[in-house]
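See structure below.
FYI, it's all coordinate maths here, none of it is from the lab. These figures come from a predicted structure and were not determined experimentally. So basically every Cβ, Gly included, is an ideal-geometry build from the backbone, and we count neighbours across all protein chains shown.
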Amino acid sequence: MAQDPKFTVREITQIGWYAARMAKRGIAGENVHLGDLQKKVDRIIDGAREREAQQAADQAAAEKAARKARAKNGKTK
């Protein structure tokens, strides 16, 4: 299983809310369907992974552009 990404405050709050709803449904009995809430939590986790991947790609592109600009100006760091 992949490692969980760092979550934003909003994502943590949403996951907590859905976990509380699942717990409330769990009190109702063993045969209560939790799949819809589990799918929502999975979507939040997938979104966080996509966000982290996009941020890493953006950072890499910014670093590449900065290196290119330094090379163009003849300055090295």
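Descriptive notes on the structure:
- Between residue 66 and residue 3, the FRET efficiency estimated from the beta carbon spacing at R0 = 30 angstrom works out to 0.60.
- Taking 0.36 nm per residue of separation and subtracting the current Cα-Cα distance, fully stretching the chain between residue 37 and residue 58 would add 4.4 nm.
- A Cβ-based charge dipole, computed about the Cα centre of the chain with Lys and Arg at +1 and Asp and Glu at -1, lands at about 700 debye.
- The chain: angle of helix 9-28 to the longest principal axis, Cα-based, in degrees nearest 10: 20 degrees
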